[in-house]
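Asker: Dumping the structure here so I can ask a few things about it.
The values are calculated or read from the model by the stated rules, or taken from the named source; none is laboratory data. Not measured: the values here are computed from a predicted model. Counting neighbours? That spans all protein chains shown, and the Cβs are built from the backbone with ideal geometry, glycine included. All accessible areas refer to the heavy atoms of the entire protein, side chains included, with ligands and DNA or RNA removed. Shrake-Rupley method; radii C 1.70, N 1.55, O 1.52, S 1.80 Å.
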Amino acid sequence: MRTQLIQYLDAGGSVYFEGNDIGYNNKSYDIWPYTGLNYVGDGAAATTGNVQSITGFGMCSGMGFGYPYKSEADGYVDDFSSNGAEIVFESQDGKGRIGAYTGPGYRTITSSVFFSVFQESGTTREQLMEAYMDFLTGATSVADDLTGILNPVTVSVASPATGQLSAAVQL
């Protein structure tokens, strides 16, 4: 799978990586340099807690979300520093949790916090996803040009904190 992801990125693709242990599980593999991040460390167990809230910077400046502190989603949340990527969200303790990277011909966003459980407080997940998509697509407005042409797609994601989340996407 990593080989195919690397080939896809090298061909000009964009990828969103997510998982509380995304750095811990991939720091030694050849895909990790494509994130533009340094793996700093594995967080604490959920019973101790890691993330109460996240604050945006750079392309996510002005955005912020609560996070389900001491929940299953808050277990062993990795933290990152930049190795070329822009840290676009930090937790309340100043630790990098999400990075956005523009490599030679590709783009990645890497998150150690789960998008599906972000608690909205002034910023919506829809606004954040729009910023992510603008970054990953280079803000080409391709989606605007395809409005009504593509069939709707339903995406189902299992969230460790809240169960199942389904979303219908129509371009």
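Asker: With N denoting the number of residues in segment 1-96, provide Rg(C-alpha) divided by 2.2 N^0.38 Å, to two decimal places.
Answerer: Here the answer is 1.13, to two decimals.
Asker: Just flag the chymotrypsin sites (Phe, Trp or Tyr not before Pro) in segment 14-68 sitting in loop per DSSP whose Cβ has no more than 14 other Cβ atoms within 10 Å.
Answerer: Answer in residue order: 29.
Asker: Could you sort 126, 86 by their accessible area in this structure, using a 1.4 Å probe and putting the largest first?
Answerer: 126, 86
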